[in-house]
Amino acid sequence: MNQTLAILMSLVVVYGLVILIGKRFKKPSKYERTPRTLNSWNALDKGIDPSDEKLP
């Protein structure tokens, strides 16, 4: 019984630490991120052929 209580308490402590660390290092939402610069790789995602025109 005592060992089960110790395991339960350690799980509660670990879960609490995970929650606290997750809130501290929360990544910004996709709307708060800075826009990426357009390069030849992500220009293809937008339908721009990088071989035809210069990228900004």
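Return yes or no: is I21 surrounded by 10 or more Cβ atoms within 10 Å (Cβ to Cβ) and either touching a Gly at 6+ places or on another chain (Cβ under 9 Å) or modelled with pLDDT of 80 or more (or both)?
Yes; evaluated as a whole, the condition is true for this residue.
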Taking L55, is it out of contact with any Phe, Trp or Tyr (no Cβ under 8 Å at 6 or more places or on another chain) and modelled with pLDDT of 75 or more? no
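The values are calculated or read from the model by the stated rules, or taken from the named source; none is laboratory data. These figures come from a predicted structure and were not determined experimentally. Note that each Cβ is placed from the backbone with ideal geometry, even for glycine, and that neighbours are counted across all protein chains shown.
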